[in-house]
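Down below is the structure, laid out as structure tokens.
The values are calculated or read from the model by the stated rules, or taken from the named source; none is laboratory data. Since the model is a prediction, treat every value here as computed from it, not as a measurement. Using ideal geometry, Cβ is built from the backbone for each residue, glycine included, and neighbour counts are taken over all protein chains shown.
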Amino acid sequence: MPIAHSTYSSPLCLDGGHRQTLYASLVRRVDFAYDCRERLDTPDGDFLDLDWAWAGSSSPSDRVVILTHGLEGSADRGYMRGMARALVRRGWDACALNLRGCSGTPNQQVATYHSGKTDDLARVVDHVLDSGYPSVALIGFSLGGNLTLKYLGERGPDVDARIRGAVALSAPVDLSASADRIDRWTNRHYVQYFLRSLRRKMRVKARQHSDRVSTRHLQKIHTLRGFDEAYTAPLHGFTDAADYYRQASSKPLLSDLAVPTLLLNAADDPFLPPSCYPRKIARDHPPLTLEVPESGGHVGFVSFNDRGEYWSERRTTSFLS
């Protein structure tokens with residue numbers, strides 16, 4: 001069934017997309033720690049930090065999931081550690097990717113990460129496959145969800161057969177429309193949160209690469225589209241923000257997905273416009289399952305239980321099983 005009926009209902013005290021989003025981001029605490037960190041070199045002289053968690057203490061599992069976080073996130077975010085914990089409990093090893101510059105150590109190159117930079121994800125997937133796992137799944141949150149879908153869509157039927165499934169949560173598959181939505185006045189507190197972090201990183205980049213990066217007009221930027229126009233696009237080889245959004249969006253590639261994939265986008269997500277709910281594509285393309293709970297916010301899907309697991313974590317583990 002390409003469009004799934006959702007069983008999720010929000011707690012009575014957390015109705016509405018903003019409450020879900022803020023509670024999950026600011027209040028949730030996850031009692032879980034990764035087992036080790038691995039630094040993976042990249043072909044351009046940079047690095048990616050991977051945080052690993054093992055399902056067993058004596059030997060690796062025969063299945064692993066690769067987790068990719070959202071904008072200005074990291075492997076330490078509650079949604080990443082919560083999902084890793086849920087999967088480890090069910091016998092999966094977990095490899096949590098910190099995108100460039102997101103692990104606590106600035107990356108070396110002027111380029112960092114963006115919504116369509118699938119070469120870094122490909123490097124991690126190849127590394128994990130080379131480790132000998134016979135079964136691999138991909139999970140991405142928000143920006144990481146778009147990244148995951150784009151990676152799989154680019155490969156289509158040529159995707160490695162060991163990649164058995166994928167889940168994208170709160171994924172902005174239409175980046176241009178999503179940028180317009182998040183830059184609305186009602187989302188100004190989210191935008192300022194992201195911009196504070198992005199400005200800090202650009203100041204570091206300006207010290208590392210003074211010939212390429214200037215902070216002269218940084219404080220005059222008040223929208224994410226403005227930041228992408230001034231920094232993301234030119235630093236990653238795009239003409240402008242519109243060109244970046246067009247090339248990096250995963251939506252045009254959803255019809256090329258060849259592995260079972262769940263796209264889980266809440267109807268009240270304050271970041272997602274109508275174009276991020278690709279119902280027609282899901283109806284026409286069986287590998288893609290679209291699920292649209294009435295509530296859940298952006299990477300929310302809060303639920304209260306004795307195991308501390310959110311509904312999205314249980315739904316994801318169920319789908320991948």
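Please verify whether residue 267 is surrounded by fewer than 16 Cβ atoms within 10 Å (Cβ to Cβ) and within 23 Å of residue 298 (Cα to Cα), treating the condition exactly as stated. Judged against the criteria, residue 267 is a match.
Whether any residue in segment 298-315 is among the acidic types (Asp, Glu), within 17 Å of the chain's Cα centre (by Cα) and not assigned by TED's automatic domain parsing to the domain that holds residue 182 is what I want to check. Yes. On the given criteria, is residue 135 assigned by TED's automatic domain parsing to the domain that holds residue 88 and either more than 22 Å from residue 316 (Cα to Cα) or of a type in the set (Phe, Trp, Tyr) (or both)? So residue 135 fails the test.
Beta carbons closer than 8 Å, at least 6 apart along the sequence or on distinct chains, pair a first residue in segment 190-202 that is more than 11 Å from residue 227 (Cβ to Cβ) with a second that is at pLDDT 95 or above and of a type outside the set (Asp, Glu) for 190/21; 190/182; 190/270; 190/271.
Taking the conditions (1) modelled with pLDDT under 95; (2) in contact with a Ser or Thr (Cβ under 9 Å, 6 or more places away or on another chain); (3) of a type outside the set (Val, Ile, Thr); (4) within 29 Å of residue 116 (Cα to Cα) in turn, residue 14 satisfies each one other than (4). Checking each residue in segment 176-233 for being under 24 Å from residue 103 (Cβ atoms) and among the charged types (D, E, K, R) picks out 196, 199, 200, 201, 203, 205, 207, 212, 228.
Within segment 178-194, not a single residue is surrounded by 14 or more Cβ atoms within 10 Å (Cβ to Cβ) and in contact with a Gly (Cβ under 6 Å, 6 or more places away or on another chain). Looking at segment 24-77, which of its residues are touching a residue at least 60 places away in the same chain (Cβ under 8 Å), surrounded by fewer than 19 Cβ atoms within 10 Å (Cβ to Cβ), within 18 Å of residue 122 (Cβ to Cβ) and out of contact with any His (no Cβ under 7 Å at 6 or more places or on another chain)? Scanning segment 24-77 gives 42, 43, 44, 45, 46, 47.
Residues of segment 163-181 that are assigned to a helix (DSSP H, G or I) and touching a Lys or Arg at 6+ places or on another chain (Cβ under 9 Å): 175, 176, 179, 180.
I'd like the full set of residues that are surrounded by 15 or more Cβ atoms within 10 Å (Cβ to Cβ) and either more than 30 Å from residue 268 (Cα to Cα) or among the aliphatic types (A, V, I, L, M) (or both), limited to segment 216-230. Within segment 216-230, 218, 221, 224, 230 qualify.
With respect to residue 295, determine if the residue is among the polar types (S, T, N, Q), in contact with a helix residue (DSSP H, G or I) (Cβ under 9 Å, 6 or more places away or on another chain), at pLDDT 95 or above and part of a helix (DSSP H, G or I). First the steps, then the outcome.
Details: among the polar types (S, T, N, Q): yes; in contact with a helix residue (DSSP H, G or I) (Cβ under 9 Å, 6 or more places away or on another chain): yes; at pLDDT 95 or above: yes; part of a helix (DSSP H, G or I): no.
Spelling it out, it is not the case that residue 295 is among the polar types (S, T, N, Q), in contact with a helix residue (DSSP H, G or I) (Cβ under 9 Å, 6 or more places away or on another chain), at pLDDT 95 or above and part of a helix (DSSP H, G or I).
Elements of the type strands (runs of 3 or more DSSP E) sitting completely within segment 42-156 and holding at least 3 residues that are more than 15 Å from the chain's Cα centre (by Cα): these cover 47-53.
This table checks each residue for (1) touching a residue at least 24 places away in the same chain (Cβ under 8 Å); (2) small (Gly, Ala, Ser).
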position	(1), (2)
109	yes, no
122	yes, yes
126	no, no
130	no, no
144	yes, yes
174	yes, no
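Would you call residue 232 of a type outside the set (A, V, I, L, M), outside any loop (DSSP other than H, G, I, E, B), farther than 15 Å from residue 178 by Cα and not assigned by TED's automatic domain parsing to the domain that holds residue 73? Yes, satisfied.
The residues in segment 115-141 that are surrounded by fewer than 24 Cβ atoms within 10 Å (Cβ to Cβ), of a type outside the set (A, V, I, L, M), out of contact with any strand residue (DSSP E or B) (no Cβ under 9 Å at 6 or more places or on another chain) and closer than 26 Å to residue 237 by Cα can be counted, and the count is 5. Assess whether residue 239 counts as being farther than 26 Å from residue 8 by Cα, crowded, with 16+ Cβ neighbours inside 10 Å, among the β-branched types (Val, Ile, Thr) and free of Cβ contacts under 8 Å to residues at least 60 places away in the same chain. The answer is no for residue 239.
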